[in-house]
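What follows is a short report on a single structure.
The values are calculated or read from the model by the stated rules, or taken from the named source; none is laboratory data. This is a predicted model, so every value here is computed, not measured. No Cβ is skipped: glycine too gets one built from the backbone with ideal geometry, and neighbour counts run over all protein chains shown.
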Amino acid sequence: MPQNKLVIATIAALVVPLTGVGVLGQTTDAQAASTTTVQASTQSINPACAAVPTTTTESDGVPGPVFYKRLQCLGSLAGYQGPIDGVMGPNSWIGVSAQLAKGGYYRAPALYGWESTEVVRALQRWAAANGRYSGPIDGVWGPNSYRGAAWALNRSF
């Protein structure tokens with residue numbers, strides 16, 4: 001049933017801009033930019049994230065499946081549509097990177113589909129911006145990096 005809602009929402013998002021144009025293929029640059037902005041701002045968190053508990057990584061500095069599920073939930077805010085299973089694949093990391101880029105934390109020239117030093121730096125910047133990380137922004141995970149990122153993840157949704 002949730003997949004049907006996604007398909008209907010996707011079709012509606014495509015039909016509304018097209019009906020406003022009147023004729024297919026005759027959009028102005030301003031209309032295209034407006035449509036892109038509206039569609040980008042309508043991303044919402046994956047409904048499965050409601051069942052993901054807070055992660056204990058905030059206190060112990062050790063990441064586990066719940067930590068990675070919460071990262072996938074963060075990525076779903078930027079369009080990640082895969083499972084919220086705690087197994088970080090390329091699309092999970094791209095979603096996380098894209099969401100962190102929205103806040104200016106991810107600064108690499110491309111979104112990488114792996115746990116790159118760039119995405120770790122972005123998570124460290126995000127944790128530091130939330131006042132929960134004071135270590136170096138070096139792209140290397142450590143217990144304090146995990147604690148800071150987990151603190152922000154636990155309070156983001």
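Residues checked against (1) surrounded by 20 or more Cβ atoms within 10 Å (Cβ to Cβ); (2) among the polar types (S, T, N, Q); (3) farther than 18 Å from GLY148 by Cα:
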{"position": "ASP60", "(1), (2), (3)": "no, no, no"}
{"position": "GLN72", "(1), (2), (3)": "yes, yes, no"}
{"position": "GLY75", "(1), (2), (3)": "yes, no, no"}
{"position": "GLY79", "(1), (2), (3)": "no, no, yes"}
{"position": "GLY82", "(1), (2), (3)": "no, no, yes"}
{"position": "VAL87", "(1), (2), (3)": "no, no, yes"}
{"position": "ASN91", "(1), (2), (3)": "no, yes, yes"}
{"position": "LEU100", "(1), (2), (3)": "yes, no, no"}
{"position": "TYR106", "(1), (2), (3)": "yes, no, no"}
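Taken together, ALA12, ALA32 contain a single residue that is outside any loop (DSSP other than H, G, I, E, B), surrounded by 11 or more Cβ atoms within 10 Å (Cβ to Cβ) and at pLDDT below 95, which is ALA32. The sole residue among ALA129, ALA98, ALA152, ALA40 that is among the hydrophobic types (A, V, I, L, M, F, W, C) and modelled with pLDDT under 95 is ALA40.
Of all residues in the range 42-58, count the ones that are in contact with a Pro (Cβ under 7 Å, 6 or more places away or on another chain) and crowded, with 18+ Cβ neighbours inside 10 Å.
Step one: of the range 42-58, the residues in contact with a Pro (Cβ under 7 Å, 6 or more places away or on another chain) are 47, 57.
With crowded, with 18+ Cβ neighbours inside 10 Å added as a condition, the list becomes 57.
Summing the residues that are in contact with a Pro (Cβ under 7 Å, 6 or more places away or on another chain) and crowded, with 18+ Cβ neighbours inside 10 Å in the range 42-58 gives 1.
Condition check ((1) surrounded by fewer than 15 Cβ atoms within 10 Å (Cβ to Cβ); (2) not small (Gly, Ala, Ser)) across all residues:
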residue	(1), (2)
GLY103	yes, no
PRO109	yes, yes
ASN144	no, yes
GLY148	no, no
ASN154	no, yes
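When ASN91, ASN144, ASN130 are checked against the criterion of being on the phi < 0 side of the Ramachandran plot and either in contact with a strand residue (DSSP E or B) (Cβ under 6 Å, 6 or more places away or on another chain) or in contact (Cβ under 8 Å) with a residue 60 or more places away in the chain (or both), a single residue qualifies: ASN144.
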